[in-house]
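Structure, as structure tokens:
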Amino acid sequence: MDELWPRQTTPAAPATPIPTSAFNASNANMSDLATFQNMSTLQWDEAVYSLPTSQTGCYRPGAIPMALAANDTCNLGFICVNSTDQAPPQYCPPTEECQVSRSMKGTCGIPQGVLEPWICHGGYYCPPGGKSQLTCPKGYFCPQGSYQPTKCDFGAICPEKSSRQIGTVPLYLVIAIDIALAIAVAIGFAVSKWRKLRRSQNYTNINMDGPADDIELLHSAAMPGYAEQVTDEQEPEPEKEYHTNPDFQRFIRSLSRTIETKEVGLAFDFEDLSFEPTPGKKILSSVTGSIERGSMWGIMGGSGAGKSTFVNVLMGKTKNTGGVVKINGYVKDTSQYKKLISYVPQDDIVFPELTVRENILHSARIRLPSSWKDSAIQGEI
């Protein structure tokens, strides 16, 4: 629908005119201005202020219009409703209030003369010719001074009568990044929980292959009520002092809680154990013996006799080149039991700045299950 600028018939409130002596509103005429040779005199000002706005076409008293074109030509982005070829567009000096508004990048609200062009409003566009002001359609935006609507960018919102487009792509991008971060955090928590659960299960579950998988390998002869046998032969009972020693029983209960199983104990049998890193250089040769669960042993020998190598082979850190190692009577890969076997090398691995208790507490906080509270760890230490 066309929206024409309303024809102004009532001028703005005039300022107090300069008193006139030779001219007044009743006898002043535009032709009288031609008699003046100098426009910088008081008589000129008095004559101009005596002219009615109906003759000048400007709403400000004393204002003389300035022609903008020789015919009805309206610049793009402007609306010229009242102009014709016989009355071309004109510019009128603005009032003081209008001039202040324009200096602050504002508008005057109304044209300053009957024939003065007016800039097309925001949210509307004025087609070439300047005789109509049309509503900006949906999907387009029309800033102030538009002579045609501008199509909105992809993802922008432009309702009807939009003077600018509302970009939503940055907003959608921020939302997408937030969702991606939330998913990443959720996955991180899930992976962390899965690792903790897996680490907890590794303390109690040992993957065994072969026909003896259904046999529990962690029964301890030092625990009360232990009666199950892992071989056809009767295993020798540990010495009686291990059953009655309260310190050893407390150690067994602590170890059971640490590895999160009610029954603990590993027995090692080794037959014809040998280790030859290079041909012709034997470090271990035909070593045979057994270490019962719940017992304490010492390995003696001179420097270079192979004590460390024997322990490394027994616990699976070094692969033996001959013989077999049995765990609870079964030939198994010793590396599967790393969670149940602790190895302290002969080199110092403690922190010299810490006390003995602080070193043990530091290791306990690292090695014990993550589900333990610090008070429980302190109690065990």
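Odds and ends about this structure:
- Karplus-derived 3J(HN,Hα), 6.51/-1.76/1.60, for each residue of segment 73-79, Hz, glycine and proline x: 10, 10, 4, 4, x, 10, 10
- Of the chymotrypsin sites (Phe, Trp or Tyr not before Pro) found in segment 95-155, those that fall in a DSSP loop while having at most 15 other beta-carbon atoms within 10 Å are 154.
- Each Lys or Arg adds one and each Asp or Glu subtracts one; over the other residues with Cβ under 11 Å from the Cβ of residue 62, this totals -1.
- Checking the Cα-Cα distances for 282/307; 196/326; 196/373 against a 23 Å cut-off, the pairs over it are 196/326.
- Karplus-based coupling profile of segment 174-190, in residue order and whole Hz: 5, 5, 4, 5, 4, 5, 5, 5, 5, 5, 4, 5, 4, 5, x, 5, 5, with θ = phi - 60° in 6.51 cos²θ - 1.76 cosθ + 1.60 and x standing for Gly or Pro.
Since every read-out is calculated from the coordinates, none of them should be taken as a lab result. Here the structure is a predicted model, which is why all the values come from computation and not from measurement. Neighbour counts run over all protein chains shown; Cβ positions are idealised from the backbone, glycine included.
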